[in-house]
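The values are calculated or read from the model by the stated rules, or taken from the named source; none is laboratory data. Keep in mind that what you see is a predicted model, and the values were worked out from it rather than measured. Neighbour counts are summed over all protein chains in view; Cβ atoms, including those assigned to glycine, are modelled from backbone coordinates with ideal geometry.
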Amino acid sequence: MKNETHLTRRGFVGATTALAGLLATGVPVFAQDADSLTIAYNTSVQSWDPTTGPAAVNPALQSVYLAVFDRYINQAADLSFEPGLLTDWGFNDDKTKVTMTVREGVKWHNGDDLTPEDVVWSLTRAANPETGNPMQFVWSKIGNFTVEGNTITADVIEFEPALFKWMAFLTAFILPKAYYEEVGSEGFEKAPIGSGPYMVDAFEPGAYVRLKAFEDYWGGAPEFKTVTIKFVTDAASRVAEVESGNADITTNIPYEEYDRLIAKDGLSGKAIPITDIGMIFLNDIEVMTDKNVRLAAHHAINKQLLIDRLLHGYGVPLSTLEVPGYAAYDDSIQVAYDPEKSVELLAASGYSTDNPVKFTIQTTRGFKPKDYEMIQAIVGMWRKVGIEAEIEVYEIAKHYELRATDTLAPAAFYNWGNSIGDPSTSTGFSMFGPSPHAVWDTPDLVEKIGPLFVEADEEKRIAGYKAVSRYIAEEGYVIPLLQYVTPIVFNSNIDVEPFASGDLLPQAVTKN
């Protein structure tokens, strides 16, 4: 079990504001003072329920959710686990029960006390398939809750090795039972409340959200009294926002613009490897059922060239869905750049530059630095070996919709986040057919991955995932490209500590 520690959140986002240009985006102008902050963000909030629907598993939205809601367990900037709304947690010796201690003195935004009943209700609701929690199959593995004081005990229905890691990850938010039941799902969307450091003050879908500091926050009131998060999906527009002073901080911009901006007076920047992976999902449809096509597509991609030419060297090439630092990372698994091998593989299936294999690849444009340009370059590399791919651009919300219904194109570019570093939340859920996040559904992977979800021997579990990663690389079931480095540009009047999760947390800001 973990012990109670004093939790402080430290600087990640920007300070002074210059809001003269906000009227152009429909955001109301408020007083320009040192207590206000503006962030130009790369995606918009589709839902204010952080536990249900496709939006709940969008890693990019977690930063916004973490400003308003609290998780069971927190993560520090270096990804170490810290007490959140739980101060103590763990399995018993034979892993048949879990015990959790709920933090005392926590208030909801409406002034009500947060209680163990809120925690039990949130966990029970998350386990109910009717609520639409994408992680229902994780939360349903504990049940039969009992409460004694601030201590919750539950039975382990099915052992989940990464259960408490999940409590610091996607959909692991506690919601207010009494308030939610009073207003219902529609009422909650209109007036969401949490226990986090900020309250939702105003929200214009597709445009912005304005947050107001919650002075009774259990972790201490945040430093900035007002935060406006502008939803700016176009990367060039985010660059203009921070360069003009209309935003104090932005992220996920082209790396050449990052280098240019941080050289300017008044702007600073930081860029570190994060837990996001750039990858190409392959769907087991059409030509992707041909192993030769899949492997040819992978071997034809010069990942280091993409990083050097398009990302200014910011990135780490990958061959699996595990990155350095993950529990199951194995650097001996490599899929080399080898276009000659691609030609041979395609020829074995009757394809060539004169008779190319054809399929569609989907991608976002501006959601991640140079995402569309990377796919353009990859399509060019493919063309040289006998692959003719047509690019289809979609918004990130559309990607989630298509992935949830298993209707992605034969190839689809995306980023995969796994801030808890467990292989079940990277290779596991992205490649296990019954998972709502997987698009590759062949029974061989189901048979190999399924037992690992309940493997109690940790050494055997990790070794099993390494073996699965090697098998996936050999079969060409997915095309990992790179580990992202996230560029953050901010006003030099602030202090920014980057989070390895890639989260951009307004409550973590400090002023110089």
**Prompt:** touching a strand residue (DSSP E or B) at 6+ places or on another chain (Cβ under 8 Å), aliphatic (A, V, I, L, M), free of Cβ contacts under 8 Å to residues at least 40 places away in the same chain and within 30 Å of residue 258 (Cα to Cα) - does that describe any residue in the range 364-383?
**Reply:** yes
**Request:** Determine whether the range 335-356 contains at least one residue that is farther than 24 Å from residue 488 by Cα, in contact with a strand residue (DSSP E or B) (Cβ under 7 Å, 6 or more places away or on another chain) and surrounded by fewer than 17 Cβ atoms within 10 Å (Cβ to Cβ).
**Result:** yes
**Asked** Looking at (1) more than 23 Å from residue 485 (Cβ to Cβ); (2) out of contact with any helix residue (DSSP H, G or I) (no Cβ under 9 Å at 6 or more places or on another chain), which is the one condition that is false for residue 303?
**Response** (1)
**Prompt:** Right, residue 409: in contact (Cβ under 8 Å) with a residue 40 or more places away in the chain and over 20 Å from residue 276 (Cβ atoms) or not?
**Reply:** yes
**Prompt:** Residue check, residue 199 against (1) at pLDDT 95 or above; (2) buried (at least 16 other Cβ atoms within 10 Å of the Cβ); (3) within 27 Å of residue 456 (Cβ to Cβ), all met but one. Which one?
**Reply:** (3)
**Item:** Matching option when the condition is surrounded by 15 or more Cβ atoms within 10 Å (Cβ to Cβ) and in contact (Cβ under 8 Å) with a residue 40 or more places away in the chain, among 396, 391, 449
**Value:** 396
**Selected residue [under 24 Å from residue 62 (Cβ atoms) and not aromatic (Phe, Trp, Tyr)] from 144, 150, 246, 252** = 252
**Prompt:** Does residue 138 fit the bill of being buried (at least 16 other Cβ atoms within 10 Å of the Cβ), in contact with a helix residue (DSSP H, G or I) (Cβ under 9 Å, 6 or more places away or on another chain), hydrophobic (A, V, I, L, M, F, W, C) and farther than 25 Å from residue 327 by Cα?
**Reply:** no
**Asked** Could you say which residue among 202, 178, 162 is assigned by TED's automatic domain parsing to the domain that holds residue 83, touching a residue at least 24 places away in the same chain (Cβ under 8 Å), hydrophobic (A, V, I, L, M, F, W, C) and under 23 Å from residue 80 (Cα atoms)?
**Response** 162
**Message:** Name the residue that is modelled with the lowest pLDDT, counting only residues in the range 113-132 that are of a type in the set (Ser, Thr, Tyr) and under 16 Å from residue 184 (Cα atoms).
**Reply:** 131
**Filter result for residue 332 (part of a helix (DSSP H, G or I), among the polar types (S, T, N, Q) and either at positive phi or more than 25 Å from the chain's Cα centre (by Cα) (or both))** = no
**Prompt:** Taking the range 376-422 only, how many residues are at pLDDT 95 or above and assigned to a helix (DSSP H, G or I)?
**Reply:** 10
**Complete:** How many residues of the range 316-330 are surrounded by fewer than 19 Cβ atoms within 10 Å (Cβ to Cβ) and either within 25 Å of residue 357 (Cα to Cα) or at pLDDT below 95 (or both)? The answer is 4
**Message:** Restricting to the range 454-500, give me the number of residues that are touching a Pro at 6+ places or on another chain (Cβ under 8 Å) and either of a type in the set (Phe, Trp, Tyr) or in a loop (DSSP other than H, G, I, E, B) (or both).
**Reply:** 5
**Asked** How do the strands (runs of 3 or more DSSP E) wholly within the range 219-315 filter down when requiring 1 or more residues that are of a type in the set (Gly, Ala, Ser) and either surrounded by fewer than 23 Cβ atoms within 10 Å (Cβ to Cβ) or touching a residue at least 60 places away in the same chain (Cβ under 8 Å) (or both): which remain?
**Response** 267-282
**Asked** In the range 204-215, how many residues are outside any loop (DSSP other than H, G, I, E, B) and not acidic (Asp, Glu)?
**Response** 6
**Prompt:** Of the residues 115, 101, 131, which is more than 30 Å from residue 457 (Cβ to Cβ), buried (at least 18 other Cβ atoms within 10 Å of the Cβ) and not assigned by TED's automatic domain parsing to the domain that holds residue 458?
**Reply:** 115
**Asked** Restricting attention to the range 33-74, which residues are of a type in the set (Gly, Ala, Ser) and farther than 21 Å from residue 86 by Cα?
**Response** 34, 36, 40, 44, 47, 53, 55, 60
**Prompt:** Is it the case that some residue within the range 419-440 is in contact with a His (Cβ under 7 Å, 6 or more places away or on another chain) and either in the same structural domain as residue 168 (by TED's automatic domain parsing) or crowded, with 18+ Cβ neighbours inside 10 Å (or both)?
**Reply:** yes
**Message:** So, residue 464, is that one more than 30 Å from residue 244 (Cβ to Cβ) and modelled with pLDDT of 95 or more or not?
**Reply:** yes
**Asked** What is the number of the single condition among (1) part of a helix (DSSP H, G or I); (2) more than 25 Å from residue 183 (Cα to Cα) that residue 66 does not meet?
**Response** (2)
**Message:** Can you find, within the range 175-203, the residue that is farthest from the chain's Cα centre (by Cα) among those that are in a loop (DSSP other than H, G, I, E, B) and not hydrophobic (A, V, I, L, M, F, W, C)?
**Reply:** 176
**Message:** What are the pairs with Cβ atoms under 7 angstrom where one residue, in the range 328-346, is among the β-branched types (Val, Ile, Thr) and the other, located anywhere, is modelled with pLDDT of 95 or more and not in a loop (DSSP other than H, G, I, E, B)? Sequence gap at least six, or different chains.
**Reply:** 333/469; 333/470; 333/473; 335/298; 335/299; 335/473; 343/385
